[in-house]
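Before any comments, here is the structure.
What follows is calculated from the coordinates using simple rules that are stated; it is not laboratory data. Quantities reported herein were computed from a predicted structural model and do not represent experimental measurements. Here Cβ is always computed from backbone atoms with ideal geometry, including for glycine, and neighbour counts include all displayed protein chains.
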Amino acid sequence: MKILISSCLLGEDVRYDGNNSSVAFNPNISFSLKELFMDILCDNEIYSFCPEVAGGLGVPRIPAEIVKNDKPFIVQNEEGKDVTINFLLGAKKALDVCLEENIKVALLKANSPSCGNINIYDGTFTSNLIEGQGLTARLLKEKGIEVFNETQLKDLKGFIKANK
Ligand code: SF4
């Protein structure tokens, strides 16, 4: 199965701070889950994608949060600069890849203002999580693409098995 995966989860240094969110090298993730992650990588066709880089933002970049989480969305960086268009563009480009490649499922980084599928930071830059979705996760879901995060690897495996 084809899977779109957040580039940072694959170990690519595309995060705002110039680092990654590698699952394979995260000391807080159990070995059995790392094995499951590696199985998923090896058994499927992986499309690495970072919406924020695709939307024109650099690495490193000033961290951004969603400050208005319904249409019209507003995303600002910590210096107050509006970066909404970059986030919208990244989401659209992620969707384009999924449509062009017939990708039906994505594994996206939890809590990100682009990739988070369940929670996002509340827009105050105080590390406070609230219920909500990043702009890419939201758009993919709206278009019928299943979205999982790195804490839902077993669910992703189940989805793959059920839809092979
Ligand atoms: S936009 Fe998504 S893929 Fe890119 S660094 Fe943030 S969480 Fe990772």
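A compact table of results
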quantity: Modelled FRET efficiency - R0 30 Å, Phe125 with Asp155, Cβ distances, 0.05 increments; calculated: 0.50
quantity: For the chain, size of Cβ-based charge dipole, Lys and Arg +1, Asp and Glu -1, in debye; calculated: 380
quantity: Axial C-alpha extent at least 20 Å, average Kyte-Doolittle at least -1.0 - helices from the chain (DSSP); calculated: 84-101
quantity: Summed side-chain charge close to Ser32 - residues other than Ser32 whose Cβ falls under 13 Å, Lys, Arg +1, Asp, Glu -1; calculated: +1
quantity: Net +/- balance of residues flanking Val83 in space, Cβ distance below 12 Å, scoring K and R +1, D and E -1; calculated: -3
quantity: Label-point separation, Asp13 to Leu33 (7 Å along Cα→Cβ), nm; calculated: 2.5
quantity: Residue with peak Gaussian network fluctuation, the chain [Cα springs, cutoff 10 Å], from Phe148, Phe25, Phe87; calculated: Phe25
quantity: Prolate/oblate/rounded call for the range 1-48, Cα gyration tensor, a/c under 1.5 rounded; calculated: oblate
quantity: Long-range amide H partners of Cys50 with built H, under 5 Å; calculated: Ser7
quantity: Integer Hz, Karplus 6.51/-1.76/1.60 couplings in order for the range 2-12, x for Gly and Pro; calculated: 7, 10, 7, 10, 3, 4, 5, 5, 8, x, 7
quantity: Using θ = phi - 60° and Karplus 6.51 cos²θ - 1.76 cosθ + 1.60, couplings along the range 111-116 (whole Hz; Gly, Pro as x); calculated: 6, 6, x, 9, 9, x
quantity: Max mean-square fluctuation residue, GNM over the chain, Cα-Cα springs under 10 Å, options Ala24, Ala94, Ala106; calculated: Ala24
quantity: The range 2-162 - percent relative contact order, Cα under 8 Å, separation 6 or more; calculated: 22
quantity: Proximal lysines to Lys92, defined as alpha-carbon separation beneath 25 angstrom and excluding residues fewer than eight positions away on the same chain; calculated: Lys2, Lys68, Lys71, Lys81, Lys104, Lys109, Lys141, Lys143
quantity: Radius 11 Å from Cβ of Thr124, net charge of other residues (Lys, Arg +1; Asp, Glu -1); calculated: -3
quantity: Order of Cys8, Cys98, Cys42 - criterion: other Cβ atoms within 10 Å of each residue's Cβ, fewest first; calculated: Cys42, Cys98, Cys8
